[in-house]
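*Asks:* Got a structure for you, written out below as structure tokens; questions coming shortly.
The values are calculated or read from the model by the stated rules, or taken from the named source; none is laboratory data. Keep in mind it's a predicted model, so treat the numbers as computed, not measured. Virtual Cβ from ideal backbone geometry, glycine too; neighbours counted across all protein chains shown. Protein only, heavy atoms only, side chains kept; ligands, DNA and RNA dropped before computing areas. Shrake-Rupley method; radii C 1.70, N 1.55, O 1.52, S 1.80 Å.
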Amino acid sequence: MVACGRRFGKTETGKILLVERALAGRIGWWISPTYRMADDVWRSLKASLAGVAIDKSESMRRLELPGGGVIRVRSGHDPDALRGAGLDLAVLDEAAYLHPDVWRAAIRPALADRRGEALFLSTPRGRNWFWSLWMHGQTAAHDQWKSWRFPTTANPLIDPAEVEAARDQLPERIFREEYLAEFLDDAGGVFRRVDEAATASPDDGPAPGERYVFGVDWARDADFTCIAVLAVGARRLVALDRFNEIGWSLQRGRLAALARHWSPEAIWAEANSIGGPNIEALQHEGLPVIPFTTTASSKGPLIEALALALERGELAILPDPALVGELQAYRLERLPSGRFRYGAPPGEHDDCVIALALAWHGASQAGTGISFI
């Protein structure tokens, strides 16, 4: 059981062991969480063993080596598809992101008749089944198990400055899990120190000399439209307007009234789907609305910047129950691909979170030129 930070070299470690065993006449499998990850390893192994393998099957992703050794690269997407084979070695890559049945119901029985071995490689994912097995290797009671934990900095080929740059750019929880390879109890949470940040008082109107930006998340029926008003200089949320079940024209009118009151220098509004027509209409009225298109690549930096600001005490927010509740419930899920997915728990809302994140993004851009994402 090897828990590693990102870029530690765990994939190369697993491939080396798999090739060594296959060259010694053993049967080994590589199991990845997704087909794409399995394909990446398959291409690498083919290149490494070019001129050595005596037979190759692209459809089966199977290499036969002199002396009877065999390597197969599999996806753990369907645990039932992995049943039945006798194995000398299984390498489970990003094991924390595999379904536990991959090990329990498929791979463990396949190792039994040949007394095979398994190498689990992964960054942690909270204290799930991977952590439970990792703990086996920390006790003398499970003498067939051994476990290690290596932070990214244990790889001498990684510049420590790169790791420190990641520390500066990521919320503490993500950095500790992804780079320090720590098993965290609350790995799914995103925002820390929310209560400590909820110290701001609402303002009735703009303060002399202060600059303001808005963040807007649109909705109509099931969800809420939310407008966050943030003071740029004070780095403080001064107003929050949240409403639903009213038409688009009335929503735009409500936003326009807030803009007349606060005179924001920029209104950052989500442009996805229903946001586009509303933004065009508001821009036609002369409001300084800047569209923000939320994608898989743009949402992560947006949320991480807000999380970092709250964690470092750089932003004060209103003690609004809806806002505080959404921030505390907001979750992070690391996908097998290595990407992160952020969102509210099923059935919950994230309109306040997105509006605040857009306002903070706007405040961070103020005075530096406009950044479109």
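*Asks:* Taking ALA96 as the residue in question, decide whether it is free of Cβ contacts under 8 Å to residues at least 40 places away in the same chain and either charged (D, E, K, R) or not in a loop (DSSP other than H, G, I, E, B) (or both).
*Replies:* Considered against the rule, which asks whether it is free of Cβ contacts under 8 Å to residues at least 40 places away in the same chain and either charged (D, E, K, R) or not in a loop (DSSP other than H, G, I, E, B) (or both), ALA96 comes out as yes.
*Asks:* While we're on this one: Within the stretch 245-348, considering only strands (runs of 3 or more DSSP E) that don't extend past its boundaries, which have at least 1 residues that are of a type in the set (Gly, Ala, Ser) and farther than 30 Å from THR34 by Cβ?
*Replies:* Answer list for the stretch 245-348: 266-270.
*Asks:* Still on this model: Filter the stretch 359-373 for residues that are touching a helix residue (DSSP H, G or I) at 6+ places or on another chain (Cβ under 7 Å) and part of a helix (DSSP H, G or I); which is modelled with the lowest pLDDT?
*Replies:* SER364
*Asks:* Then there's this: Quick check on ALA207: is it of a type in the set (Gly, Ala, Ser), touching a residue at least 60 places away in the same chain (Cβ under 8 Å) and open to solvent by less than 50 Å² (accessible area, probe 1.4 Å)?
*Replies:* Considered against the rule, which asks whether it is of a type in the set (Gly, Ala, Ser), touching a residue at least 60 places away in the same chain (Cβ under 8 Å) and open to solvent by less than 50 Å² (accessible area, probe 1.4 Å), ALA207 comes out as no.
*Asks:* Also: Being closer than 30 Å to ASN128 by Cα and in contact with a strand residue (DSSP E or B) (Cβ under 8 Å, 6 or more places away or on another chain) narrows it down to one residue among LEU92, LEU63, LEU49; which is it?
*Replies:* Only one candidate qualifies: LEU92.
*Asks:* Of the residues that sit in the stretch 146-172 and are under 17 Å from LEU302 (Cα atoms), in contact (Cβ under 8 Å) with a residue 12 or more places away in the chain and of a type in the set (D, E, K, R), which one is least open to solvent (accessible area, probe 1.4 Å)?
*Replies:* Out of the qualifying residues, it is GLU172.
*Asks:* Looking at the structure I just gave you, is SER122 small (Gly, Ala, Ser), free of Cβ contacts under 8 Å to residues at least 12 places away in the same chain and open to solvent by less than 60 Å² (accessible area, probe 1.4 Å)?
*Replies:* no
*Asks:* Can you tell me which residue is farthest from PRO100 (Cα to Cα) among those in the stretch 135-152 that are at pLDDT 90 or above and outside any loop (DSSP other than H, G, I, E, B)?
*Replies:* Taking the candidates together, the pick is THR152.
*Asks:* So which pairs qualify, if the first residue must be in the stretch 252-274 and surrounded by fewer than 23 Cβ atoms within 10 Å (Cβ to Cβ), the second must be part of a loop (DSSP other than H, G, I, E, B) and of a type in the set (Val, Ile, Thr), the Cβ gap must be under 7 Å, and the two must be at least 6 apart or on different chains?
*Replies:* Sorted first by the residue in the stretch 252-274, then by its partner, the pairs are ALA271/THR293; ASN272/THR293; ASN272/THR294.
*Asks:* Could you name every one of the helices (runs of 4 or more DSSP H) located completely within the stretch 154-228 that has at least 2 residues being farther than 29 Å from ASN272 by Cβ and within 16 Å of the chain's Cα centre (by Cα)?
*Replies:* Counting at least 2 such residues, we get 172-178.
*Asks:* Could you list, ordered by first residue, the pairs with Cβ atoms under 6 Å in which the first is in the stretch 101-119 and more than 18 Å from TRP134 (Cβ to Cβ) and the second is among the charged types (D, E, K, R), at least 6 apart or interchain?
*Replies:* ALA106/ARG83; ARG114/ASP88; GLY116/ASP88
*Asks:* Just a yes or no: is a residue in the stretch 32-44 surrounded by fewer than 22 Cβ atoms within 10 Å (Cβ to Cβ), in a loop (DSSP other than H, G, I, E, B) and of a type in the set (Gly, Ala, Ser)?
*Replies:* No: the stretch 32-44 contains no residue that is surrounded by fewer than 22 Cβ atoms within 10 Å (Cβ to Cβ), in a loop (DSSP other than H, G, I, E, B) and of a type in the set (Gly, Ala, Ser).
*Asks:* Out of the residues in the stretch 45-55 that are of a type outside the set (D, E, K, R) and either open to solvent by 30 Å² or more (accessible area, probe 1.4 Å) or part of a helix (DSSP H, G or I) (or both), which is nearest to SER75 (Cα to Cα)?
*Replies:* Taking the candidates together, the pick is LEU45.
*Asks:* If you go through the stretch 56-64 one residue at a time, do you hit one that is in a helix (DSSP H, G or I), farther than 26 Å from ARG115 by Cβ and among the acidic types (Asp, Glu)?
*Replies:* no
*Asks:* Then there is this: Identify the residue in the stretch 1-15 that is more than 19 Å from LEU184 (Cβ to Cβ) and in a loop (DSSP other than H, G, I, E, B) and, among all such residues, is most open to solvent (accessible area, probe 1.4 Å).
*Replies:* ARG7
*Asks:* Another question, then. Any idea which of LEU332, LEU308 is over 22 Å from THR225 (Cα atoms), out of contact with any Ser or Thr (no Cβ under 9 Å at 6 or more places or on another chain), buried (at least 17 other Cβ atoms within 10 Å of the Cβ) and modelled with pLDDT under 90?
*Replies:* LEU332
*Asks:* Please pick out the residue among VAL238, VAL194 that is β-branched (Val, Ile, Thr) and either closer than 30 Å to ALA3 by Cα or free of Cβ contacts under 8 Å to residues at least 12 places away in the same chain (or both).
*Replies:* Of the residues listed, the single one that is β-branched (Val, Ile, Thr) and either closer than 30 Å to ALA3 by Cα or free of Cβ contacts under 8 Å to residues at least 12 places away in the same chain (or both) is VAL194.
*Asks:* OK, next. So which residues in the stretch 16-31 are assigned to a helix (DSSP H, G or I) and in contact (Cβ under 8 Å) with a residue 60 or more places away in the chain, if there are any at all?
*Replies:* LEU17, LEU18, ARG21
*Asks:* How many residues does the stretch 128-145 contain that are touching a helix residue (DSSP H, G or I) at 6+ places or on another chain (Cβ under 9 Å) and either within 18 Å of GLU12 (Cβ to Cβ) or open to solvent by 60 Å² or more (accessible area, probe 1.4 Å) (or both)?
*Replies:* The total comes to 3.
*Asks:* If a residue must be within 16 Å of ALA22 (Cα to Cα) and assigned to a loop (DSSP other than H, G, I, E, B), how many such residues does the stretch 65-93 contain?
*Replies:* 9
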